Amino acid sequence: MAESGRGPSDDWDDGDEGPDVEDTARFEPAEPDALPLGAIADVADADAVARRESHRQTIGLIIFAVFAVLLVIVGVGGYFGAQSYFSGRVAPGVEFAGGSVSGRTRSELSGIVRNAVSATSLTLTDSKGKKVKASLKDLGVTVNVGGTVKAILAAKSGEGIRRLNPLERVDVPLKATTDDTVLAEYLAGRFVAKSDRPVASSVSYDSDSGKFVVDGGSTGSVAQTFAITDAIDAAIEEPGGSHAVSFRYERGGMPISIDTADKVAAEANSRIGTITLTDGDKVTWSVPAAQIASWTVLTPHEGKGTIALSYDRQAIGASLDKELPSRFGKTAVTEKDVVDSSGKVILVDTKGVDGLRVTNASDVADEVHDALTSGGSSTVRVDTAKVSHGKTTVTVDVSLVVDLSKQTVTAYKGKDKAAEFLVCASGKATGSSSEDIYVTDHAKSAKLSVTASSSSSGSSGGTGDSSPSSSGTSGTTVQWVSYFGSSQAFVAATWDVDGIASGDPAASKPGAFVEMYPSDAQWIVENCPKGTKVTFTGTEPSKAVR
């Protein structure tokens, strides 16, 4: 009987019993060609080796990368560290004076440079065998220490990372200037006798003639300097050592020629008498030659063979500050009024006078300097301004009362009696004016007219008002005089001691004098100032009152 399902193959015949179990075909993948067992093992070992080698290479690369990164980090850190350290310091590879100054600071360099300059010298030997050891300064070299320090610090500063490379070296010289004139003067002073040296022509002011004159120069022996200047240059390039140099002499001309001096003198003389100052009104002053000469500056430069003509602005200003006030200005005089206790002006002791002050002294000095420098004539205006005078007052509360009847004078301080003296005075001492009388002046001695008479003392005193019956007059020096009124005076009447003692003006004829003993007249001078009021009372007696 037929089955509902078929076996593995639909191609089998129905009458077949089917294949045996062992022979039944299996659907399995075909196996590859079989390999020997040994070959399989070799293949496995090669793969493992490759995997291990790859692992080792990977680890090596990682280690190398880490090491490289570390090197970069260390290098960068070192660079920035070095850069930080050398900031403000001398870069590596910089040398000065034959030695390294790497890492030095500014303050350290100042001492190094100064020491190098001090240690630098030149031994000069002339053709006669004379030797002199000279410093750079002696030979006209001026070293700029600050500039040298700055140059050392700036060396290699613009080269970036190369600045820190110690294999790249830079040798820094001194920053210095040279002066051939100083060099020539030093060589002449040390090696050439004064009588053998060239002499420059010069210009000076002669006060007798009132002009600038020339003193001609002469030729002489000078040192050849080319070998010396080469040695100086070498010392500047590398300071700190000693250099030996020999030189010879040659004939040198006048450092400044006579022709040059003649031209300068002529130019200076052309400017004498060219300056006039004026206030435009009353005062005109032509500045004298000697004054202009004192402002003139003649500066010889033997190295250039020239004489520079200039004018000293400061000297002009100082001179005019003294001259202008006395010539164009006027000092104000303070008025001094003498007043009594009530404030009433008794007299003007000193009359006030307005002054003048110069207002543009500095401008005048500038214009004078400019005019002299340019060489042209000039009239310069001096401006002035009025200075009003001041006023002071002196209060006098002293008064003198002359009693003609008693022949005495009494001094009062305010209302208090201060002193009383014996006198010999006539009515003529009162004067003719009806106004108040005051002491106007004093003198320790004065020449007055003393008139001889036939008084009991043998003489009498008087002024021009003395009695016409007097026998004659003569000029006599009188001590301790106090003037009052128009021409009257208290005097020390040494010629009329008897008249003062007796109080007899009729016999003594004292005229306009109030005669006193010397010590009393001195008291009046010393204690009764100008403005002391003088009052007369009583009448002149006809005979002695004592």
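Values computed for the structure shown
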{"item": "Which listed residue is farther than 19 Å from S127 by Cα and of a type in the set (V, I, T), from V213, V222", "result": "V213"}
{"item": "Filter pass, S195 being outside the structural domain of E302 (by TED's automatic domain parsing), out of contact with any Phe, Trp or Tyr (no Cβ under 9 Å at 6 or more places or on another chain), part of a helix (DSSP H, G or I) and loosely packed, with under 13 Cβ neighbours inside 10 Å", "result": "yes"}
{"item": "Within the stretch 206-223, tally of residues that are touching a helix residue (DSSP H, G or I) at 6+ places or on another chain (Cβ under 7 Å), surrounded by fewer than 19 Cβ atoms within 10 Å (Cβ to Cβ) and small (G, A, S)", "result": "4"}
{"item": "Residue in the stretch 91-107 that is part of a helix (DSSP H, G or I) and modelled with pLDDT of 95 or more present", "result": "no"}
{"item": "Condition broken by F226, with the remaining ones in (1) buried (at least 17 other Cβ atoms within 10 Å of the Cβ); (2) free of Cβ contacts under 8 Å to residues at least 40 places away in the same chain satisfied", "result": "(1)"}
{"item": "Yes/no for V297 being surrounded by 13 or more Cβ atoms within 10 Å (Cβ to Cβ) and not assigned by TED's automatic domain parsing to the domain that holds D436", "result": "no"}
{"item": "Any pair with Cβ under 9 angstrom, 6 or more apart, that starts in the stretch 120-145 at a residue that is farther than 11 Å from H243 by Cα and of a type in the set (K, R) and ends at one that is buried (at least 18 other Cβ atoms within 10 Å of the Cβ) and modelled with pLDDT of 95 or more", "result": "K128/F191; K130/L124; K130/F191; K131/L124; K137/V117; K137/V143"}
{"item": "Test for V368: is it modelled with pLDDT of 95 or more and more than 25 Å from the chain's Cα centre (by Cα)", "result": "no"}
{"item": "Where G240 falls short, out of the listed (1) assigned to a strand (DSSP E or B); (2) more than 24 Å from A385 (Cα to Cα); (3) modelled with pLDDT under 95", "result": "(1)"}
{"item": "Residue match in the stretch 188-198 (condition: of a type outside the set (A, V, I, L, M, F, W, C) and in contact with an Asp or Glu (Cβ under 6 Å, 6 or more places away or on another chain))", "result": "no"}
{"item": "Complete set of residues in the stretch 261-284 that are over 16 Å from Y205 (Cα atoms) and out of contact with any Phe, Trp or Tyr (no Cβ under 8 Å at 6 or more places or on another chain)", "result": "T274, I275, G280, D281, K282, T284"}
{"item": "Residue among T379, T359, T373, T395 that alone is touching an Asp or Glu at 6+ places or on another chain (Cβ under 6 Å) and surrounded by fewer than 17 Cβ atoms within 10 Å (Cβ to Cβ)", "result": "T359"}
{"item": "Every residue from the stretch 332-350 that is touching a His at 6+ places or on another chain (Cβ under 9 Å) and either part of a loop (DSSP other than H, G, I, E, B) or without any contact (Cβ under 8 Å) to a residue 24 or more places away in the chain (or both)", "result": "A332, T334"}
{"item": "Positions within the stretch 262-292 being in a helix (DSSP H, G or I) and either modelled with pLDDT under 95 or of a type outside the set (A, V, I, L, M, F, W, C) (or both), in sequence order", "result": "D262, K263, E267, N269, Q291"}
{"item": "Those residues of the stretch 362-375 which are among the hydrophobic types (A, V, I, L, M, F, W, C) and over 16 Å from D312 (Cβ atoms), in sequence order", "result": "none"}
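To keep it simple, each residue is scored yes or no on (1) in contact (Cβ under 8 Å) with a residue 60 or more places away in the chain; (2) surrounded by 15 or more Cβ atoms within 10 Å (Cβ to Cβ); (3) more than 23 Å from G217 (Cα to Cα).
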site	(1), (2), (3)
G252	no, yes, no
I256	no, yes, no
A265	yes, yes, no
L277	yes, yes, yes
T284	no, no, yes
E302	yes, yes, no
A308	no, no, no
D321	no, no, yes
K330	no, yes, yes
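This table checks each residue for (1) among the acidic types (D, E); (2) under 30 Å from S257 (Cβ atoms).
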| residue | (1), (2) |
| --- | --- |
| L277 | no, no |
| T284 | no, no |
| R313 | no, yes |
| D337 | yes, no |
| G352 | no, no |
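The values are calculated or read from the model by the stated rules, or taken from the named source; none is laboratory data. Given the structure is predicted, the values throughout are model-derived calculations rather than measurements. Cβ: placed from backbone, ideal geometry, glycine included. Neighbour counts: every protein chain shown.
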